[in-house]
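K.L.:
Please see the structure below; I have some questions.
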Amino acid sequence: MSRIRLLPEILASQVAAGEVVERPASVVKELVENSIDAGAGKIEVSIRRGGISLVRVVDDGCGMDRDDALLSLERHATSKLRTAADLAAIATLGFRGEALPSIASVSRFRLTTREPEAIAGTEILVAGGRIETVRDGGEAPGTQVEVRSIFYNLPARRKFLRSENTESRNIEHQLHLQAIGHPRIAFVYVRDDRIVFQLPAATSLLERVRDLHGNELVQRLLVVEEPAAAAHVRIRGLIGRAGVSRPSRVQQHVFVNGRAIESPVLTAALREGYHTALMKGQFPVTFLFLDLDPAAVDVNVHPAKREVRFRDPTAVREAIVQAIRKTLESGRGDWQQQFQRTPTPSAPIPVPALPAPIEQRQFPEPAAARVIPSRAEGERPRQQPDARPAEEAINIAGSSQQFQIIGILNKLYVLMENQDGLVLVDQHAAHERILFEELRRRMEEQGVPSQRLLLAQTFELAPRDAEWVERNAGTLQKMGIGVEPFGQNAFKIDSLPTFLDVSDPVTFIRKVIDGLKSASNGSSPLRLGEDMIAKTVCRHAVKANDQLGYLEVEKLISDLLECDLPYCCPHGRPTMIQISLAELEKKFGRKV
Ligand code: ADP
Ligand code: MG
């Protein structure tokens, strides 16, 4: 007896809808993407009751004639894909030809559409996948889709919907993504008859981000602009400065060829790019756009097209990491400028005789003319040539860039004055950053200084680990760890980095190997070394209560300002905090 049957068309659509239409936000996503593909200049989205009772998307795009409008509701009907070759190089957001029929099969659906020159448009009403009415419609050119009572005919799926608030939040997130991804398109979002946002067409990403998130965030962003190089990936956009973070990934946006994508490759790349620039458990703020040859990325791996597969994931990852690092490092210029501007000469701050003078002995004339000049001429320039402009800008600003050290608070915080007000430096965090960069540079150059063990020790490893160590012995050496083969699967360890203080070298090396092995999927060995340094450097750094003399503090600060990422320690905690004069004035009630 034959048991296999072809599914009826509507049922097939409902099955497909299970993948494409998870919730009202997926309806919004599909409809907005269709509007974008249709060349819309303005898209208006209205929802009611979390999109459960209504989602309406109105665009001013190319519209459809009657035949196409009817066809668009058939499964596998699309204007965006013709041949198998097209599939390998998709430039539109849609291509599966499944969204409209899927959505129409699980809702009460109304499509009205009109081409710009057509005298009349078309209106089609569908309920649960069955076309009920087709007639002339008199709407403005463009397309309008209304989706009511989602899942009304599939009670089991309706039960899976969350609260209206949660669904609304998902929709809003989805619209944010689309709005960021397409700044040139104007967006209006209306929720339960109230306008939530109204974004005019923007001329740049920056403008769009400002309209959406406000100026305060924009000021904490850096511009990324990396032309396509070896990896053939152009990377552009905006990313948060080192230390600008969020407790979740909500503001971590990456677009691949205009499409918002979530992918482990991208997440890992961001984490690595921000390595040592963010606190543990924090996530960066990014509005990053990758443009690459459509043939180098497969978008046909996820029904809702949220994921992609890269032909060369390692190259993509590396390109992102480099772009982020370079950008973060260039971001230091502004800080230096802030910290090195001369305090206003007109307002010398008289130092009152404090009841309990701060470090009186070491700071005989606290706010007097003890200033630290900017880097002397002829000194080794640490920045790569590409970061020059920022440096030059500072030099042009005047030859006397300097800040003043006022004193030390609680044996921990260096108090400084600059033009904008008060600067507090955590001397412990600062020292960590300096030491970290110093060791990293050594590791990249001649290797970390290492110290011979009094007694070399031997140890054995499982064959897989043994093989890994043999392959990476050079890297370990650079990290200051001297390991040599010593028979079958056995090794000898005879030196360790000088800055390390371990009592049991063998346990230490086993841990390092475990850690490095698990982290080594694609990361460069140097970055692994960085990890190790970041983890150990802390112990070596100046302890919170170490008393430093004036010259030491002076050196600490100038070394810090020489760092690539001076504003946070290798664990992402801030090294310095600025309290502006304006803030002080507010606190003292001089200004409201
Ligand atoms: P896909 O987007 O994958 O092609 P859809 O089911 O989303 O599949 O849409 C089917 C077709 O309907 C599209 O290829 C497009 O030609 C047409 N279409 C859908 N929405 C619009 C719109 N807003 N404006 C113009 N044409 C549209
Ligand atoms: Mg589509």
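Table: residues versus (1) aliphatic (A, V, I, L, M); (2) more than 13 Å from ligand 2 (Cβ to nearest atom); (3) open to solvent by 60 Å² or more (accessible area, probe 1.4 Å); (4) touching a Phe, Trp or Tyr at 6+ places or on another chain (Cβ under 9 Å).
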| site | (1), (2), (3), (4) |
| --- | --- |
| ALA25 | yes, yes, no, no |
| VAL28 | yes, no, no, no |
| GLU33 | no, no, no, no |
| ARG49 | no, yes, yes, no |
| ASP59 | no, no, no, no |
| MET64 | yes, no, no, no |
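K.L.:
Turning to a different aspect of this structure: Does the range 331-349 include one or more residues that are at pLDDT 50 or above, part of a loop (DSSP other than H, G, I, E, B) and on the phi > 0 side of the Ramachandran plot?
P.N.:
no
K.L.:
Could you list, in sequence order, all residues of the range 135-171 that are of a type in the set (Val, Ile, Thr) and either crowded, with 18+ Cβ neighbours inside 10 Å or at pLDDT 95 or above (or both)?
P.N.:
THR143, VAL145, VAL147, ILE150, ILE171
K.L.:
Let me ask something else about it. Just give me the residues in the range 81-116 being in a loop (DSSP other than H, G, I, E, B), among the charged types (D, E, K, R) and either within 15 Å of ligand 2 (Cβ to nearest atom) or at pLDDT 90 or above (or both), in sequence order.
P.N.:
ARG96, GLU98, GLU115
K.L.:
Taking into account only those residues within the range 293-319 that are in a loop (DSSP other than H, G, I, E, B) and of a type in the set (Lys, Arg), which is nearest to VAL254 (Cα to Cα)?
P.N.:
The selected residue is ARG306.
K.L.:
Ok, one more. Is it the case that GLY273 is touching a Cys at 6+ places or on another chain (Cβ under 9 Å) and in contact (Cβ under 8 Å) with a residue 40 or more places away in the chain?
P.N.:
no
K.L.:
Since LEU125 meets every condition but one in (1) open to solvent by 60 Å² or more (accessible area, probe 1.4 Å); (2) out of contact with any helix residue (DSSP H, G or I) (no Cβ under 6 Å at 6 or more places or on another chain); (3) modelled with pLDDT of 95 or more, which condition does it not meet?
P.N.:
(1)
K.L.:
Next question, about the same structure. Which one of these is within 12 Å of ligand 1 (Cβ to nearest atom) and of a type outside the set (S, T, N, Q): ILE124, ILE131, ILE195?
P.N.:
It is ILE124.
K.L.:
So, in the range 318-332, how many residues would count as being open to solvent by 40 Å² or more (accessible area, probe 1.4 Å) and within 15 Å of the chain's Cα centre (by Cα)?
P.N.:
Count: 3.
K.L.:
Would you mind listing the helices (runs of 4 or more DSSP H) fully within the range 202-292 where at least 2 residues are on the phi < 0 side of the Ramachandran plot, open to solvent by 30 Å² or more (accessible area, probe 1.4 Å) and among the charged types (D, E, K, R)?
P.N.:
Once the helices (runs of 4 or more DSSP H) in the range 202-292 are filtered for at least 2 residues that are on the phi < 0 side of the Ramachandran plot, open to solvent by 30 Å² or more (accessible area, probe 1.4 Å) and among the charged types (D, E, K, R), what remains is 205-213.
K.L.:
Kindly list, by first and then second residue, each pair from a residue in the range 124-148 that is within 16 Å of ligand 2 (Cβ to nearest atom) to a residue that is open to solvent by less than 60 Å² (accessible area, probe 1.4 Å) and of a type in the set (Asp, Glu), limited to pairs with Cβ atoms under 7 Å and residues at least 6 apart or on different chains.
P.N.:
GLY142/ASP59; THR143/ASP59
K.L.:
In addition: Inside the range 87-140, can you point out the residues that are touching a Gly at 6+ places or on another chain (Cβ under 8 Å) and of a type in the set (D, E, K, R)?
P.N.:
ARG108, ARG114, GLU115, GLU123, ASP136, GLU139
K.L.:
Mind listing just one residue for me: the one in the range 86-114 that is under 33 Å from the mean Cα position of the chain (by Cα) and away from ligand 1 (no atom under 11 Å from the Cβ) and, of those, most open to solvent (accessible area, probe 1.4 Å)?
P.N.:
Out of the qualifying residues, it is ALA91.
K.L.:
Assuming VAL592 fulfils every condition listed in (1) modelled with pLDDT under 80; (2) open to solvent by 20 Å² or more (accessible area, probe 1.4 Å); (3) assigned to a helix (DSSP H, G or I) apart from one, which condition is it?
P.N.:
Against the list (1) modelled with pLDDT under 80; (2) open to solvent by 20 Å² or more (accessible area, probe 1.4 Å); (3) assigned to a helix (DSSP H, G or I), VAL592 comes up short only on (3).
K.L.:
Only one of THR122, THR143, THR166 is hydroxyl-bearing (Ser, Thr, Tyr) and assigned to a helix (DSSP H, G or I); which?
P.N.:
Result of the check over THR122, THR143, THR166: THR166.
K.L.:
What pairs come out if I take residues in the range 242-263 that are acidic (Asp, Glu) and pair them with residues that are open to solvent by less than 20 Å² (accessible area, probe 1.4 Å) whose C-beta lies under 9 Å away, six or more apart or interchain?
P.N.:
GLU262/VAL254
K.L.:
Among what's in the range 454-510 and is aromatic (Phe, Trp, Tyr) and modelled with pLDDT of 85 or more, pick the residue that is most open to solvent (accessible area, probe 1.4 Å).
P.N.:
That would be PHE486.
The values are calculated or read from the model by the stated rules, or taken from the named source; none is laboratory data. Values in this document were obtained by computation on a predicted structure and should not be read as measured data. Don't worry about glycine lacking a Cβ; one is built from the backbone with ideal geometry, like all the others, and counts go over all protein chains shown. The protein model used for the area step is the full one, side chains on, heavy atoms only, and it has no ligands, DNA or RNA in it. Shrake-Rupley method; radii C 1.70, N 1.55, O 1.52, S 1.80 Å.
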